[in-house]
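Chemist: Okay, here's the structure, questions in a sec.
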Amino acid sequence: MNATIVVNGAVERFTFESGDMLADVLRAAGYVEVKKGCDTGNCGACTVLVDGKPILSCSFLAARADGRAVTTVLGVEEEARRFASFLAAEGADQCGFCAPGFALTVIALSRELPEATEEEAREYLKGNLCRCSGYEGQNRAIMRYLEACNAR
Amino acid sequence: MVIDRLVVPADPDEALELIREKRGVPLGGGLWLRMSGKRIGLAVDLSALGLEYIRDSGDSIEIGAMTSFREMEISGLLDERFGGLFSRVVGGVVGLQFRNMVTAGGTVAGKYAFAGLNAALLALGAKVVLAGEGERDFAAFLAESGTKPFLLEKIALPPRAAAGYSSLAITKGDFSILVAAAAFAGGTWRVAVGARPGAAMLSESAAAALGGQARPGAKAIEAAASAAATELTFSGDMRASSEYRREICPVLVRRALEEAIA
């Protein structure tokens, strides 16, 4: 099958097998910033944005991305770097494997619910697992990042 | 899941023909199917059929089969008509990315027993609309074990209802040990219990105990709650025993009813 996908703003033509998932197709094309964790649609490591909405690329048929805009963490590099500085300031970054998917979901949160309460932020991020930490540092980083975004 | 061939029809008639005549497997969100490890000769992607909507048709509220859980969760129309029921029922499912992908139709057509959504739809007295076949009562549809291929087009709900929902899970986002939903619509109460762990079922005796009153008293609620636990059957699985489920059933039914009348 073929699909034309706008990845991080650039139109690209992909060729793949019918049942291939977006994460595999993107990684094979060099977008290795897309991580595969559980590969069962639970951990959130493979999160990318499709037309601005966070989805699990390990379980999203590549064919369904045809004609749509896909954003990996490198497509929002400036925001991701900014968020990463908050994450580092709270000592919340450890192995970093979950970070690309995590950062994308936080960025989606900052756009959809810029005034999110901590409870809302926790709910929004529930689908992003981190197996290194206890989430408290991440929570502080998210809330401070949202505050900083809103103060701008 | 292995897919040999995937087609994305833009015409409902073509989709129906592929499903009926070519044994095509309709794809909703595809999340559950993917975990099955099945080999699918012909997959029919329903995402180009324009089945993503939540709308007021005048005499019912319609949810298109390809509407995502997230859309139901944040829908102002569903919130207004059913008092936040949908955001509570589907809002706790796994994570946000997952809910952006899983569909109302996948859960309904798959008759997933673990799904709180199916219990809630039963309580609301939902109808399912199958392409080329017309409207069917969701309770009858859910109880059938037929394998005749079909294409679910949409789910039709009453224009509004007083509704409540209660569930219990070991951790947030996990499959529920038990769910209960209750709704008062068109002068009738419906009480549904799901994740028994079998498919959601209506409790006729609970509805009878509540009668036709919009605001049943504490006694009627207690009677309905214990009637549901007596009438329905429960089984054990890795999450809870049948005894445990029977024990918590009246508690969840009571909470759902109290929420519905609040």
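The values are calculated or read from the model by the stated rules, or taken from the named source; none is laboratory data. Everything numeric here is computed off the predicted structure, so don't read it as measured data. Glycine gets a Cβ as well: all are built from the backbone with ideal geometry, and neighbour counts include every protein chain shown.
Chemist: Out of the residues in segment B:133-153 meeting the condition of being touching a Leu at 6+ places or on another chain (Cβ under 7 Å) and in a loop (DSSP other than H, G, I, E, B), tell me which one is farthest from B:GLU62 (Cα to Cα).
Modeler: B:PHE150
Chemist: Under 9 Å between Cβ atoms, at least 6 apart or on separate chains: pull out the pairs that start in segment A:136-152 with a residue that is charged (D, E, K, R) and end on any residue that is outside any helix (DSSP H, G or I).
Modeler: That search, which allows pairs on different chains as well, returns A:GLU136/A:GLU90; A:GLU136/A:ALA92; A:ARG140/A:GLU90; A:ARG140/A:ALA92; A:ARG144/A:GLU90.
Chemist: Would it be correct to say that B:LEU157 is buried (at least 18 other Cβ atoms within 10 Å of the Cβ) and closer than 28 Å to B:GLY28 by Cβ?
Modeler: yes
Chemist: Next question, about the same structure. Restricting segment A:12-68 to residues that are among the β-branched types (Val, Ile, Thr) and farther than 19 Å from B:LEU6 by Cβ, which is farthest from the other protein chains (Cβ to nearest Cβ)?
Modeler: A:VAL32
Chemist: Ok, one more. Here is a check on your reading of the model: is A:LEU129 assigned to a helix (DSSP H, G or I), of a type in the set (A, V, I, L, M) and either surrounded by fewer than 22 Cβ atoms within 10 Å (Cβ to Cβ) or more than 13 Å from chain B (Cβ to nearest Cβ) (or both)?
Modeler: So A:LEU129 does not fit the description; no.
Chemist: Output the number of residues of segment B:30-46 satisfying the condition of being within 9 Å of chain A (Cβ to nearest Cβ), at pLDDT 95 or above and surrounded by fewer than 22 Cβ atoms within 10 Å (Cβ to Cβ).
Modeler: Of the residues in that region, 1 qualify.
Chemist: Related question: Kindly provide the set of residues from segment B:154-176 that are in contact with a Ser or Thr (Cβ under 8 Å, 6 or more places away or on another chain), outside any loop (DSSP other than H, G, I, E, B) and under 25 Å from B:ALA209 (Cα atoms), ordered by number.
Modeler: B:LEU157, B:SER167, B:LEU168
Chemist: Right, something else. Does A:THR71 meet the test of being touching a Leu at 6+ places or on another chain (Cβ under 9 Å), within 14 Å of chain B (Cβ to nearest Cβ) and within 17 Å of B:SER68 (Cβ to Cβ)?
Modeler: Criteria not met by A:THR71.
Chemist: Quick check on segment B:52-72: of everything there that is crowded, with 20+ Cβ neighbours inside 10 Å and within 14 Å of chain A (Cβ to nearest Cβ), which residue is nearest to the chain's Cα centre (by Cα)?
Modeler: This residue is B:PHE69.
Chemist: A further question follows. Go through segment A:15-37 and report how many residues are within 15 Å of the chain's Cα centre (by Cα) and among the hydrophobic types (A, V, I, L, M, F, W, C).
Modeler: Result for segment A:15-37: 5.
Chemist: Farther than 24 Å from B:GLY30 by Cβ and in contact with a helix residue (DSSP H, G or I) (Cβ under 7 Å, 6 or more places away or on another chain): does that describe A:VAL76?
Modeler: So A:VAL76 passes the test.
Chemist: Count, please, the residues in segment B:118-132 that happen to be in a helix (DSSP H, G or I) and either within 14 Å of chain A (Cβ to nearest Cβ) or within 18 Å of B:PRO26 (Cβ to Cβ) (or both).
Modeler: Residues flagged as in a helix (DSSP H, G or I) and either within 14 Å of chain A (Cβ to nearest Cβ) or within 18 Å of B:PRO26 (Cβ to Cβ) (or both) within segment B:118-132 amount to 1.
For every residue, the table says whether it meets (1) within 12 Å of chain A (Cβ to nearest Cβ); (2) without any contact (Cβ under 8 Å) to a residue 12 or more places away in the chain; (3) under 10 Å from the mean Cα position of the chain (by Cα); (4) closer than 21 Å to A:PHE60 by Cβ.
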position	(1), (2), (3), (4)
B:PHE82	no, no, no, no
B:LEU85	no, no, no, no
B:GLY92	yes, no, no, no
B:GLY116	no, no, yes, no
